[in-house]
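A.B. asks: This is the structure I have questions about; it appears just below.
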There are 4 protein chains.
Amino acid sequence: MKEKIKVGVLGATGAVGQKFVQLLENHPWFELTEVAASERSVGKTYGEAARWFQNTPLPERIRHLSVKACQPQLDCQIVFSGLDAAVAGEVETEFAAAGYAVFSNARNHRLDDDVPLVIPELNADHLHLIDLQRKKSGGSGFIVTNSNCSTMFLAMVLGPLHQAFGVEKVFVATMQAISGAGYPGVASLDILGNVIPFINGEEEKIEIETRKILGALAGGRVQLAGFVISAQTNRVPVEDGHIECVSVKFRKQASVAAIKERLQNFRGLPQELKLPSAPPQPIIVMEEPDRPQPRRDVMAANGMATFVGRIRPCPLLDFRFVILGHNTIRGAAGASILNAELLVAQGRI
Amino acid sequence: MKEKIKVGVLGATGAVGQKFVQLLENHPWFELTEVAASERSVGKTYGEAARWFQNTPLPERIRHLSVKACQPQLDCQIVFSGLDAAVAGEVETEFAAAGYAVFSNARNHRLDDDVPLVIPELNADHLHLIDLQRKKSGGSGFIVTNSNCSTMFLAMVLGPLHQAFGVEKVFVATMQAISGAGYPGVASLDILGNVIPFINGEEEKIEIETRKILGALAGGRVQLAGFVISAQTNRVPVEDGHIECVSVKFRKQASVAAIKERLQNFRGLPQELKLPSAPPQPIIVMEEPDRPQPRRDVMAANGMATFVGRIRPCPLLDFRFVILGHNTIRGAAGASILNAELLVAQGRI
Amino acid sequence: MKEKIKVGVLGATGAVGQKFVQLLENHPWFELTEVAASERSVGKTYGEAARWFQNTPLPERIRHLSVKACQPQLDCQIVFSGLDAAVAGEVETEFAAAGYAVFSNARNHRLDDDVPLVIPELNADHLHLIDLQRKKSGGSGFIVTNSNCSTMFLAMVLGPLHQAFGVEKVFVATMQAISGAGYPGVASLDILGNVIPFINGEEEKIEIETRKILGALAGGRVQLAGFVISAQTNRVPVEDGHIECVSVKFRKQASVAAIKERLQNFRGLPQELKLPSAPPQPIIVMEEPDRPQPRRDVMAANGMATFVGRIRPCPLLDFRFVILGHNTIRGAAGASILNAELLVAQGRI
Amino acid sequence: MKEKIKVGVLGATGAVGQKFVQLLENHPWFELTEVAASERSVGKTYGEAARWFQNTPLPERIRHLSVKACQPQLDCQIVFSGLDAAVAGEVETEFAAAGYAVFSNARNHRLDDDVPLVIPELNADHLHLIDLQRKKSGGSGFIVTNSNCSTMFLAMVLGPLHQAFGVEKVFVATMQAISGAGYPGVASLDILGNVIPFINGEEEKIEIETRKILGALAGGRVQLAGFVISAQTNRVPVEDGHIECVSVKFRKQASVAAIKERLQNFRGLPQELKLPSAPPQPIIVMEEPDRPQPRRDVMAANGMATFVGRIRPCPLLDFRFVILGHNTIRGAAGASILNAELLVAQGRI
């Protein structure tokens, strides 16, 4: 790549926006040229507008960038959207209409018929929906979405298993980190030494998004995968990393050994193409009886891998196991960036 | 009651032991006369031997009690056992053989054929097994056990539902408090800002003990209840209170309204007999969308009630909900004390 | 007392407001008749307007109270103010002008020349300033304030020592609970597993308010006490209870034994008059080497006592020790209520 | 460096030992060839013996190392000691006597007359004491110690200020992370949502070790620096990173600006020699009003820098500020390694 592609971040001062900024620094293909946010930040420098709370210092160059409005007049080709769902829908549509490649972490367009909801290891073929978008608009812009964070890790693990054994039923109970709720997000008085057994809209997202991702593209539409999921979601006092207790029933015969083998050896397009943000091994199987654990494991592979442990039979369905992933990296900003990398590698951008 | 019954605590310096001591202070029927512990504590005063970490002060009278060995030479009629499973089995057998009424929180005898595993609201009839014990030994001593803490709350809620609708399948994923692991128990480096998705032996206990409690006593034996449970257990950084996400399939038709009505109105023998430690309402149904929560709800009803919230349909089984209970009170020491109160009220002690 | 005095709470839905509501339930002298809050709550029931997060249930009677505006048309004689400093100043002045007895937890009027800043155990004589207020206004209303929460515990301990030994220099470093910042207050992402070594305005409050409380009323004004304080304040991930590490230099000879004796035996007017909210012993000296601790000690004496431990010589000044108090009870709502009780007992209300 | 120097770790399975192992992996000068621990680990592989709880994976090569006894028959030239104080004294003496270069993190020999207590940025000249040790023993072995973790950061900051302005009096109140207590260390039931205002022996260490480090070597002995320190130490629920609130009085005139300038520009021998573990800038001055914070700042500069913020006047002494450092890296294992690197660079090893 001779020259870096200019990229912008929408909602750049928020939690996901900051993670985009952090991950894009020193990116080999992308150069962050624009940071856009809500009215009250416009005109300030990014350093003034953002209450930076990542655990690496705010890059000096970014500190001095001027914050722009979230309007399609940004000097860049790609925009990454960390916008709040309250405004993301319309803004992203405007940017796509104006010719930008939009990679969104917001939920608004995920279930739109012509918008791909993509995990590049699993359903890169859904990206053909972009052509429909372009045809409809007559322009070159489009929207690609990535899933809700909890959905990401569940789908990542179910994907290879579905292909091999045919998923029929899934039970999942999550324990989700506070960073998943943005900033300021969860009040400390609500969560310190506590569990909140409810996350608004989360269970519905897991139950539907997973089936779109693992569904088949046919006739210009995605058919939802034909299994049933029951999700129960909880907030726990953990900084980063969602844990999911999963039980699954397959249509075909499987075994603990076959599941481990399948997950451990699974590779996808990002690994083949050696995309810059791709984890060398997307799914890491752990053998220790008490792993994975968020604080100890989640940053292995730079927060881009999904961890599975305690794979064992289930007395009710067939097998059960524990999943872990980094909710703001692989589950949010990193997922959008990986999607963009794939389209660049495929020459579609 | 003219005169209080003398009681002792085995394993009195440990986590459960301290909770026994705390709950027995000012008990209307029982007087704590003996505290027994391991060799290294014997001869010291309780104040010297115990690293008291309850959030009420150590009662002055108890501070000066002399710690005895765990041998059946204690001046009391009832002993409550908070012993570690490594030693509980034999010690409790010795005390029963010597004529003591033993109420144990340890797992060792829970599954013995002639030992009742009792939640007095649910299966007080299992206490007839005491007669078998007495007949076998020829003495008046016996052992009564209460369940593992997570099992307690699950069984408490499934009990009335099983009777009404016939439980067929149960999923449960738990988030358990650190106090459930005793003291010093879980290292802070292991759990601060973390989740440990494993508790040794816990899943097996839930899957079997629940079925013994809800099983039928017939021909001098308990037939395990005929449903299947799949349990996944996790440790979370919460001080007191276990949360359980449950999904259940019934044999008969049920509805959210019918479940709520059944749970809310459920009463058992302890309520009828107005036992001193009995919660007026054993199961409290919460309507707020994000409750129950451990830190906010667990001490209502003095830690003796079980809370249920988020009762709603399940796309996989029939219904799902969230349960909360206080693991060291209703789930341990308080359960043993309630068992003892029932036998006293029934004139069996 | 034949009939209860009607009281209202200003800012009733906030953190301090809720604590007022909780503490006033079942008060022997006061009946909570009015709850007032900001515009967006007016007209709703209290149950609808307040996100109740105390660990006792919201009293049913209060749940149905209609929330009023913070205007002096409330049906009550006394108002307790848990208002935010942004609005408290003016509102409290209006209520006093309209004849209400105002007991405020807000900082706005604490340093006003004619407003008493009172800890009834220490400087009840400052309440004479009320007469100045009444004279000036010609009405019967007035404002009485209590101190900042960290100041409360420091002043409570320094008070008896100042009288006995003459305080000359004080160094204090605090570790303050999250509940001190109100609700939603501190974001969990900011404080989970972290320390924030800064609380806006807090050090200044401690350094000046302590000296006003321990100052002498002379000629209708309070002369600030003549010692110097250096305060450093920190936020820590603790729910309730502020810890303060203190070092102090006296003008007269003292000893560890003399300090303990002085603090342990100290009693004030609230104890003499047996006011309903008065702790029997205002200062509790602890001998264990690692106490006081917030989670274990702060609720002893219903959160109204101040704890002192580790009293020992200081190589730099004279003596050092550790202080603990409950920031939202004795340090806020409970302090205001105790002030009101004193004025009622003295027949001034 | 042609060939790497072989090094071993004593107490390799413990908390500090694991940090040594982690930091020595991929060290450019040292090769970890030996891991030694207590009897019950001897003969196992390191992977079996150590409950690895670092947040990077255990290096495969190390996993398979055989654990040796802590006896001077190890195949290496340097040993790093992470031994517990209960055994460190004698073992380290034996290794030195046998000719090993011993770099110890244990407290036992820190105050020995002929043992240097060294922070290489500050008092590298104290290393001349090694010659005394060698002369006395006739061999080439010796012991070099680094300070207690809290002392490290305080001394690091006081060092340049003492040289410039002459320290006269120091107050320090610490908030220390749980990793400072080793593993399992602090029980979660003791520290979750709590503060423990006591760390056994810690205050004494800070008050004396700081003065030895900043003392002058004269006539073969270190004269303690002539200032007075008063330390108060607390344990807080933070994983890594000690915060210290400091107030200091100087003999000479200083100013906030002069202090900042002095600290920010301070460099020592490790920076001059570009030692592999040396932070490029040993002291980082932060300007944000609420920094440094442990979770956000402590890993900047790989945990080897010391952070200072909130530098401002003190109403009691002259100036006050907040210090942060990583207790198990710069405050323990990293400090020992830096000491070893200096001696290698100076050709003394």
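All of the numbers you see were taken from the coordinates with simple rules; none came from a lab. Just so you know, these numbers come straight off a predicted model, no measurement behind them. Glycine also receives a Cβ, built like all others from the backbone with ideal geometry; neighbour counts cover every protein chain displayed.
A.B. asks: What do you get for trypsin sites (Lys or Arg not before Pro) in segment D:263-299 restricted to DSSP loop and a cutoff of at most 12 other Cβ within 10 Å of the site's Cβ?
C.D. replies: D:274
A.B. asks: Separate question: Considering all alpha-carbon pairs of segment B:149-326, what whole percent are spaced by more than 25 angstrom?
C.D. replies: Tail of the P(r) past 25 Å holds 33 percent of the pairs.
A.B. asks: Can you give the Rg to Rh ratio for segment A:1-96, taking only C-alpha atoms and Rh from Kirkwood?
C.D. replies: Result: Rg/Rh = 0.94.
A.B. asks: Next up: Quick one: among B:97, B:155, B:86, which has the greatest mean-square fluctuation in a GNM of chain B with alpha-carbon springs under 10 angstrom?
C.D. replies: Its mean-square fluctuation being the largest, the pick is B:86.
A.B. asks: Between D:56, D:96, D:229, whose Cα lies farthest towards the positive end of the dipole of chain D when Lys and Arg beta carbons carry +1 and Asp and Glu beta carbons carry -1, centred on the Cα centre?
C.D. replies: Of the candidates, D:229 comes out farthest on the positive side.
A.B. asks: A follow-up question, please. Name the chain B residue with the Cβ nearest the axis that maps B onto C: which is it, and what is the distance in angstrom?
C.D. replies: That would be B:193, 2, residue then distance in Å.
A.B. asks: Expressed as a whole number of Å, what is the distance separating the alpha-carbon centroids of segment A:105-120 and segment C:127-196?
C.D. replies: Using only Cα atoms to place each centre, the spacing works out to 53 Å.
A.B. asks: Enter the per residue convex hull volume of segment D:154-219, computed from alpha-carbon coordinates, in Å³ rounded to the nearest integer.
C.D. replies: Enclosed volume per residue, from the Cα hull, is 122 Å³.
A.B. asks: What is the angle, in °, between the Cα long axis of helix C:85-97 and the longest principal axis of the Cα atoms in chain C? Nearest 10 is fine, range 0 to 90.
C.D. replies: 60
A.B. asks: OK, next. D for segment B:259-302, whole µm²/s, Stokes-Einstein with Kirkwood Rh over alpha-carbon pairs at 20 °C and 1.002 mPa s: what number?
C.D. replies: 183
A.B. asks: Give me D for the protein assembly as shown in µm² s⁻¹, whole number, from Stokes-Einstein with Rh from the Kirkwood sum over alpha-carbon pairs, 10 °C and 1.306 mPa s.
C.D. replies: Translational diffusion coefficient: 47 µm²/s.
A.B. asks: Quick one: with label points 7 Å out along Cα→Cβ, list the inter-copy distances for residue A:280 in nm, shortest first?
C.D. replies: Spelled out, the distances from residue A:280's label point are 2.8, 6.5, 6.8 nm.
A.B. asks: Could you pull the copy-to-copy label distances for residue B:44, with points set 7 Å along Cα to Cβ, in nm to one decimal and sorted shortest first?
C.D. replies: 2.8, 5.3, 5.6
A.B. asks: Sticking with this structure for a sec: Ignoring the sites themselves, what is the longest stretch of chain D with no GluC sites (Glu not before Pro) in a DSSP loop and at most 16 other beta-carbon atoms within 10 Å?
C.D. replies: D:26-286
A.B. asks: Please give the Cα centre distance for segment A:1-59 versus segment D:236-272, rounded to the nearest Å.
C.D. replies: One Cα centre to the other: 32 Å.
A.B. asks: What fraction, in whole percent, of alpha-carbon pairs in chain D exceed 40 Å separation?
C.D. replies: Looking at chain D, the distances longer than 40 Å represent 9 percent of pairs.
A.B. asks: If we hang a label 7 Å off Cα along the beta carbon direction at residue A:135, how far is it from the matching labels on the other copies, in nm, shortest first?
C.D. replies: 8.2, 9.1, 9.2
A.B. asks: Relative contact order of chain B, please, whole-number percent, based on alpha carbon pairs below 8 angstrom and at least 6 residues apart.
C.D. replies: Answer for chain B is 17 percent.
A.B. asks: Okay, next question. Which loop trypsin sites (Lys or Arg not before Pro) in segment A:47-82, with loop taken from DSSP, have no more than 16 other Cβ atoms within 10 angstrom of their Cβ?
C.D. replies: A:51
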